[in-house]
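Every read-out reported here was derived from the displayed coordinates using simple, explicitly stated rules and does not represent laboratory data. Remember, predicted model here, so these are calculated numbers, not experimental data. Neighbour counts are summed over all protein chains in view; Cβ atoms, including those assigned to glycine, are modelled from backbone coordinates with ideal geometry.
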Amino acid sequence: MSYLFPTYLRSKLEWDKALDCRVTMTNGETFLDLTSGIGVANLGHSNPEVKAALEHQLDHVWHESNLFTNSLQESAGKKLAGGKDYVAFFCSTGTEANEAALKLARKATGKTDFITFENGFHGRTYGGMSATAQEKIQKGFKPMVPGFHYVPYNDIEAVKDALTPNTAGILLEVIQGEGGVLPADPEFLKAIAALCKEHDVLLMIDEVQTGMGRTGKMFAFENYGLSPDIFTLAKGLGNGVPVGAMLGKTKLKDAFSPGSHGTTFGGNPLVMSAANKVLDLMTPELFATVQKKGAWLKDQLEKLHVEFPELIKGVRGIGLMLGIECNDPEVLKQLQMLLEKDHVLTLSAGKETLRLLPPLTIDQEELETAVAKLKKAFLELNA
Ligand SMILES: Cc1ncc(COP(=O)(O)O)c(C=O)c1O
C-alpha cells in the first residue's frame, strides 16, 4: 500500500538521474524528456551553472527569514523588472504567486471582483482554484472564493459583459497551458489591454508556465507587446528548486505594507541563488535559439498534421511550448503510451492535446529524434 494521498496518477517509472534533456530511470532506461518536469527545467535538468550557484550558497546560508535583508531577492527583483517599473514578491509556487497577485489587486484597487477565463489554470489553493474556471478542478471543494466571473477565452464581448465597477482585475494566460496549449488571439489581448486602461482595471498575466524563455521571449506577453500591471512566475524561475514570484507595477507598491502578505520559505537564499543564476542565463541569444528551434519543431509537427489528418486536428503554440491536438482523447492516450514505450516523455493538456515543453537547451539531434519517434508512433496508430 502507498502512504501517499492518491492526488496523482503516477507512472511506475522513477527518475534516478536527470541531465539536460535526458532522464535515466531507476530501472536503468534513459528517456528523452519533452516535459522539463512540467515546464520547470527550462535550462536543462541539473544545469551545471545553476548547480554551482546552489553549491556555493549551500556553504553560506540556506535559509534566513524574511525579517532580514535579502540581497539575492533584491538582485533577482531588479533582473526581473528588466529596467521597467516593477517590484517583486517572492514565494515558492505558481499558485502562491497568483494568491499574492489576487491579494495585491484587491488591496490596491479596493475592488473585489476578477474576470478569468474558461480552460484557464491558475493553481490549486483556494484563490488559484477559484480563478481556475474548470469544473473538474473545483468539484467537491465549493464554495469558491467569491467574486470570480468566468468568460470564454478569446471572446471580448463576453469580457465587456462581465465587467462591472467592482472589477479589480482581469487575470489570464496568454497561452493556456494546462487547458490545451491554446494561444490567445492577439486582437483579443489588445482589446483586453485597452479595456483595462479605459475602466481602470488591472491587467494580470499568469506567466507561470509561459514565462522564463519558454516562448522565445523572457515573458510570453512580450510576444503581444503587453505591459501587465501584475504578472506571476514560478516553474522555470528556479529550474528545479521551488521559487515563484509576483511582479507588480511600482504604482501598486504601497498597497502592501509589513504584515499584508508573507511566507516563511518564499525567496530564501538557497532558492534565490538558483533564480539569480537562471536569470543571468536568460539571454537574448538563448531566446533566439528558442525561436529558431520552436519554429523548426512546429514546422515538423505541421508536416505530421498533413500526413496524419485522421489522427491530428491541429498544431498550436509558440516557441518551445507546442501542442498537437489529437482527434480524440483515446488517440492521445495511445500516443503517449507508444512514446513512453519508445523512451520519450510527453505531457497531455486539455482533453486531447499532446503538450511538448522540452528543455530550451534541447539540441537539433534530440529534436530530430523527437520528431522521428512521434512519426513512428503516429504510423503505428494508423496501422
Ligand atoms: C499557468 C499556471 N498557473 C499556475 C500554476 C500553478 O503552479 P504551481 O503548481 O507551482 O502551484 C500552473 C501549474 O501548472 C500553471 O500552469
At residue 380 and residue 75, where each label point lies 7 Å from the Cα along Cα→Cβ, what is the point-to-point distance in nanometres?
4.7 nm
Counting only helical runs of four or more DSSP H residues, what would the 222 nm mean residue ellipticity of the chain come to if each run contributes -39,500 (n - 2.57) and the total is spread over all its residues?
-11500 deg cm²/dmol
Given the candidates 270, 114, 25, the one whose Cα lies deepest towards the positive end of the charge dipole of the chain, counting +1 at each Lys or Arg C-beta and -1 at each Asp or Glu C-beta, is 114
Placing each pseudo-label 7 Å from Cα in the direction of the beta carbon, residue 372 and residue 29 end up separated by a distance in nanometres of 1.9 nm
I need the shape label for the chain. Rule: rounded when a/c is under 1.5, else prolate if a/b > b/c, else oblate, with a, b, c from the alpha carbon gyration tensor.
oblate
Putting +1 on Lys and Arg Cβ atoms and -1 on Asp and Glu Cβ atoms, find which of 40, 98, 147 reaches farthest to the positive end of the dipole of the range 33-152.
147
Net charge dipole size for the chain [Lys, Arg +1 and Asp, Glu -1 on Cβ; Debye, nearest 20]
580 debye
Taking R0 as 35 Å and r as the Cβ-Cβ distance between residue 313 and residue 64, the FRET efficiency 1/(1 + (r/R0)^6), rounded to the nearest 0.05, comes to 0.10
Hey, rough spin-label estimate for residue 191 and residue 135, points 7 angstrom out along Cα→Cβ, what's it come to in nanometres?
2.6 nm
Per the C-alpha gyration tensor (a ≥ b ≥ c, the square roots of its eigenvalues), the range 1-160 is rounded if a/c is under 1.5, else prolate if a/b beats b/c, else oblate; here it's oblate
Taking square-rooted eigenvalues a ≥ b ≥ c of the alpha carbon gyration tensor, is the range 139-188 rounded, prolate or oblate, where a/c under 1.5 means rounded and, failing that, a/b exceeding b/c means prolate?
oblate
Determine the percent antiparallel among the DSSP beta bridges restricted to the chain, to the nearest 5.
65 percent
With springs only between Cα atoms under 10 Å, which of 297, 182, 19 fluctuates most in a Gaussian network model of the chain?
19
